[in-house]
1. State whether one or more residues within region 221-235 are under 20 Å from Ala131 (Cβ atoms) and of a type outside the set (Val, Ile, Thr).
2. Inspect all residues belonging to region 196-211 and state whether any of them is among the hydrophobic types (A, V, I, L, M, F, W, C), touching a Gly at 6+ places or on another chain (Cβ under 7 Å) and at pLDDT 95 or above.
3. Condition (residue is of a type in the set (S, T, N, Q) and farther than 26 Å from Val73 by Cβ) applied to region 200-216: is it met by at least one residue?
4. Within region 109-137, restricting attention to residues that are β-branched (Val, Ile, Thr) and buried (at least 16 other Cβ atoms within 10 Å of the Cβ), which residue is nearest to Pro230 (Cα to Cα)?
5. Could you go through region 126-134 and let me know if any residue there is assigned to a loop (DSSP other than H, G, I, E, B) and modelled with pLDDT under 95.
6. Is region 219-232 home to any residue that is in contact with a His (Cβ under 6 Å, 6 or more places away or on another chain) and in the same structural domain as Ala131 (by TED's automatic domain parsing)?
7. Report, ordered by the first and then the second residue, all pairs with beta carbons closer than 7 Å, sequence separation of six or more or different chains, a first member in region 96-108 that is without any contact (Cβ under 8 Å) to a residue 24 or more places away in the chain, and a second member that is assigned to a loop (DSSP other than H, G, I, E, B).
8. If I ask for residues that are among the small types (Gly, Ala, Ser) and free of Cβ contacts under 8 Å to residues at least 60 places away in the same chain, which ones from region 151-182 would you list?
Amino acid sequence: MTESSEEPTGSASTGAFEPTAQPRLLSEEVLVVLSLSLLASAVFAIINLLSAPVSRTVTVRVFANVQLATQLVSILFSLAPVALVLHLARRSREPVEHFGLGTATLVPDVGWGLLLGLGVAGVGLGLYVAAIALNINRFVVPVPPTGHWWTVPVLILGAFQNALLEEVVVVGYLIRRLEQIGWAVPAAILGSAVLRGSYHLYQGWGGFAGNLLLGLAFGFAFVRWRRTWPLVTAHFLVDTMAGLAYIALRGHCYFGVCLS
């Protein structure tokens, strides 16, 4: 009786990756999956352990920068979904340019992003003040804990993290994938914008409406030019300006809004 020869799992005909590339891809996969789950919990637990001696009678803080460490770790692990997008692109052998993340035009992209950010900041400020005046929005404190030497550096890092996370995932990745699934371009843009508005609902209805409009504008820009870096730059500039303005102007009232 002739034995049937089964092709080994992981051979080339199964679509598996080459053995030389597989360990690196698997390492990326493990790091991303853990960063999105229990690795972050482990790091936060270590920080918590270092924040005070393990004793029921001692409450003195021995790790003075525990708050700073927590802020930095939060920023780092919040970028795990961006790493996942890049990993999935590598696994499927898609160029990052398909997600608007090519670097060939990075310098002009940043320039256009700065101009876009100034426009967004002006419109956004008007919408925010109007929403507060209409009492349909909560007052948002756009800064990390104040009164520390690291407040501004963490603000800047946090602004970059938010910009990179939102624009890569909600625009570059999501619109690209929705188009591949078969969504019409207007529907993909609208879906991205609704998602952006929805996770800003903690601010109130003003935050939802403003970010819905921003999502539509950014989605259109991405579909038109297929560039994500201008959106990242604009978002980063708006968040940084908002935080620095709050730090400089807190304790004063403007247009009926008191910055406390």
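The values are calculated or read from the model by the stated rules, or taken from the named source; none is laboratory data. All figures in this text were calculated on a predicted structure; none of them were measured in a lab. Cβ placement follows ideal geometry from the backbone for every residue including glycine, while neighbour counts extend to all protein chains displayed.
1. Going through region 221-235, the residues under 20 Å from Ala131 (Cβ atoms) turn out to be 235.
The next check asks that each one be of a type outside the set (Val, Ile, Thr); those that pass are 235.
Among the residues of region 221-235, at least one is under 20 Å from Ala131 (Cβ atoms) and of a type outside the set (Val, Ile, Thr), which makes the answer yes.
2. The answer is no; no qualifying residue exists.
3. If we filter region 200-216 for residues that are of a type in the set (S, T, N, Q), which is where we start, we get 203, 211.
Those left that are additionally farther than 26 Å from Val73 by Cβ: 211.
Checking region 200-216: at least one residue is of a type in the set (S, T, N, Q) and farther than 26 Å from Val73 by Cβ.
4. As a first pass, look at region 109-137 and keep what is β-branched (Val, Ile, Thr): 110, 120, 123, 129, 132, 136.
Then keep just the ones that are buried (at least 16 other Cβ atoms within 10 Å of the Cβ); that gives 110, 120, 129, 132.
Numbers: Val110: 5, Val120: 12, Val129: 26, Ile132: 29 Å.
Looking at residues that are β-branched (Val, Ile, Thr) and buried (at least 16 other Cβ atoms within 10 Å of the Cβ), I get Val110.
5. First pass over region 126-134, keeping only residues assigned to a loop (DSSP other than H, G, I, E, B): 134.
With modelled with pLDDT under 95 added as a condition, the list becomes 134.
Looking through region 126-134, at least one residue is assigned to a loop (DSSP other than H, G, I, E, B) and modelled with pLDDT under 95.
6. Taking region 219-232 as the starting set, the residues that turn out to be in contact with a His (Cβ under 6 Å, 6 or more places away or on another chain) are none.
No, region 219-232 contains no residue that is in contact with a His (Cβ under 6 Å, 6 or more places away or on another chain) and in the same structural domain as Ala131 (by TED's automatic domain parsing).
7. Within 7 Å, the pairs are Val96/Gly102.
8. Going through region 151-182, the residues among the small types (Gly, Ala, Ser) turn out to be 158-159, 163, 172, 182.
Matches in region 151-182: Gly182 only.
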